[in-house]
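Here's the structure, in structure tokens; my notes come after.
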Amino acid sequence: MQNGTAYNVDLSKGASPNYAARTMSNGTDQLVYNLYTDTTYTNVWGDGSTGTIRVGGTGTGFAAATNLTVAGRLQASANTGPVGAGNYTDTIVASIVY
């Protein structure tokens, strides 16, 4: 039996300069949100810096698929102004470090 290889999955800040308040945009309108490791919305998923959490595990190669769940939430206290309806986007890069 193989022991496997330990890994961490890091998520980028996206367009935001920090993990505390990621932003998604629709033209000039922006919404502040964040990504969390689960639906308790306690641990911000990032790269282990600035109070963020890395999600890790142990893999055994291509034969064993692993599903990870990310929970997203708008930050109501930061989204106080009116914004237009539409599609808001941000690009998050997931990096697997092993």
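None of the figures in this text is laboratory data; all of them are computed from the coordinates on show. Remember, predicted model here, so these are calculated numbers, not experimental data. In this analysis, Cβ positions are derived from the backbone assuming ideal geometry, glycine residues included, and neighbour counts consider all displayed protein chains.
A few comments on the model shown:
- Label-point separation, THR28 to TYR7 (7 Å along Cα→Cβ), nm: 4.3 nm
- Taking the stretch 5-97 and dividing mean pair separation by its residue count, relative contact order in percent (alpha carbons under 8 Å, at least six apart): 42 percent
- Sorting 75-81, 12-18, 88-94 by average packing, meaning the other beta carbons within 10 Å per residue, from highest down gives 12-18, 88-94, 75-81.
- Note, ³J(HN,Hα) from phi for the stretch 73-82, Karplus 6.51, -1.76, 1.60, rounded to Hz, x at Gly and Pro: 8, 6, 9, 4, 5, 9, 10, 9, x, x
- Long-range amide H partners of GLN75 with built H, under 5 Å: VAL32, TYR33, ASN34
- The simple spin-label model puts a point 7 Å past each Cα toward its Cβ; for LEU68 and THR42 those points are separated by 1.9 nm.
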